[in-house]
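Please read the structure below before turning to the comments.
The values are calculated or read from the model by the stated rules, or taken from the named source; none is laboratory data. The structure presented is a predicted model; accordingly, all values stated were derived computationally and were not measured. When we count neighbours, we look across all protein chains shown, and the Cβ atoms used for this are built from the backbone with ideal geometry, even at glycine.
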Amino acid sequence: MRSRALLVPRSEGETTRQALVSLGALRTDLAIRQEGDRLALPLVADAEVPVEWGSVEEREFVVRPLAGPSDYRDLLDWSPEEKARLPRAFDVVGDIVLVRLPGELEPRRVEVGEALLRFVPGARIVGEDRGVRGEERLRVVERLAGTGSWATRHRENQLEFEVDVEQAYFSPRLAREHALVASEVRAGESVYDLCCGVGPFSVTIARHGRARGITAVDLNPVAIALLRRTLARHGLSDRVRAVEGRVEGFAAEAPPADRVVLNLPREGIKYAPLVARLVAAGGQFRYYEVVPRDEVDRRGKVIESLLPPPGGFVLRSQRLVHPYSPSADLVSFLFERGRA
């Protein structure tokens with residue numbers, strides 16, 4: 001059967017597959033196709049994926065016999081009109097499923113939870129994601145189905161992270177981003193990972209082994225404790241210094257670093273000028289922001305104008321990480337500090 005397909009290197013296959021599942025973009029009725037050192041992942045007809053993930057081309061696929069439905073919505077005995085209001089995408093964090101639901105489905109949300117619990121292999125609990133709030137970026141979740149706590153272990157990029165979706169920030173949609181940023185780190189660089197959450201950037205960079213020093217900072221003590229447990233699990237505790245504290249306090253005393261990452265998409269702009277001062281001459285600043293779609297093209301230059309001299313910063317690249325809402329995208333900006 002012919003279908004649109006996302007072509008990716010085999011080394012990125014599992015990470016990309018998980019990302020497509022979260023977006024509701026992977027066809028499960030077709031078998032993934034191997035093409036030498038690449039994989040062709042079949043896409044649902046109207047799926048949109050960031051261009052940085054790989055090229056999209058037509059391919060012929062083998063139909064795979066299914067043990068069950070290919071869409072959780074097929075488990076609900078609802079009318080087509082009712083099903084159309086359901087989100088196609090959901091997130092899987094370890095054995096936890098998170099879904100965002102429109103307000104009009106409030107009376108029937110438990111039915112949705114039960115359907116997802118049955119649909120997602122290995123799922124233990126399903127929660128309604130009501131958004132991230134507060135300066136510690138705690139996710140508000142409400143149980144829809146299943147049992148147990150919100151603590152789990154999540155696998156991505158051949159690593160296993162200690163996560164608590166209710167007590168510390170983590171996004172499963174950034175697996176490719178964590179790997180990409182880690183691949184950019186050059187031998188001997190010093191790295192600051194600010195507002196690090198449970199530390200996926202730091203741990204992934206540490207596993208690559210090129211950085212001479214990594215410091216991860218977050219004001220949430222639970223996030224830092226989880227990061228330390230993950231580092232110990234992988235034997236990386238000596239490569240990452242995990243610091244509980246505020247960005248302002250850390251920035252006031254820390255020496256410059258060659259590479260700085262700030263992933264605080266909703267509020268990071270208020271820290272960007274301060275954080276930029278931590279970047280050494282010739283170093284790079286990776287910054288993330290949720291940007292209204294009609295402002296994306298010009299937003300990078302606006303941020304560049306806010307970053308301080310001496311030396312100044314130049315916008316080297318900006319790209320879509322993933323759609324955030326119907327009207328906004330999560331965008332990655334890379335700035336480089338001059339050597340003057």
Quiz item: Hey, any hits in segment 1-20 for a residue that's outside the structural domain of HIS178 (by TED's automatic domain parsing) and closer than 23 Å to LEU105 by Cβ?
Solution: no
Practice problem: Please go through segment 48-57 and pick out each residue that is surrounded by fewer than 18 Cβ atoms within 10 Å (Cβ to Cβ) and either part of a helix (DSSP H, G or I) or hydrophobic (A, V, I, L, M, F, W, C) (or both). | Solution: VAL51, GLU52, VAL56
Self-check item: Scope segment 312-323; condition out of contact with any Lys or Arg (no Cβ under 9 Å at 6 or more places or on another chain) and either surrounded by 17 or more Cβ atoms within 10 Å (Cβ to Cβ) or not assigned by TED's automatic domain parsing to the domain that holds VAL181 (or both); matching residues
Solution: LEU320
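Residue-wise test of (1) surrounded by 22 or more Cβ atoms within 10 Å (Cβ to Cβ); (2) part of a strand (DSSP E or B); (3) over 24 Å from the mean Cα position of the chain (by Cα); (4) at pLDDT 95 or above.
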{"position": "ASP258", "(1), (2), (3), (4)": "no, yes, no, yes"}
{"position": "PRO265", "(1), (2), (3), (4)": "yes, no, no, no"}
{"position": "ARG299", "(1), (2), (3), (4)": "no, no, no, yes"}
{"position": "ALA340", "(1), (2), (3), (4)": "no, no, yes, no"}
Exercise. Quickly run through segment 107-138 and pick out the residues that are among the small types (Gly, Ala, Ser) and closer than 14 Å to ALA89 by Cα.
Key: GLY113, ALA115, GLY127
Quiz item: Going through segment 128-138 one residue at a time, which ones are touching a Gly at 6+ places or on another chain (Cβ under 8 Å) and at pLDDT 95 or above?
Solution: GLU128
Quiz item: From ALA252, ALA272, ALA328, which residue is more than 27 Å from PRO50 (Cβ to Cβ), of a type in the set (Gly, Ala, Ser) and not assigned by TED's automatic domain parsing to the domain that holds LEU20?
Solution: ALA252
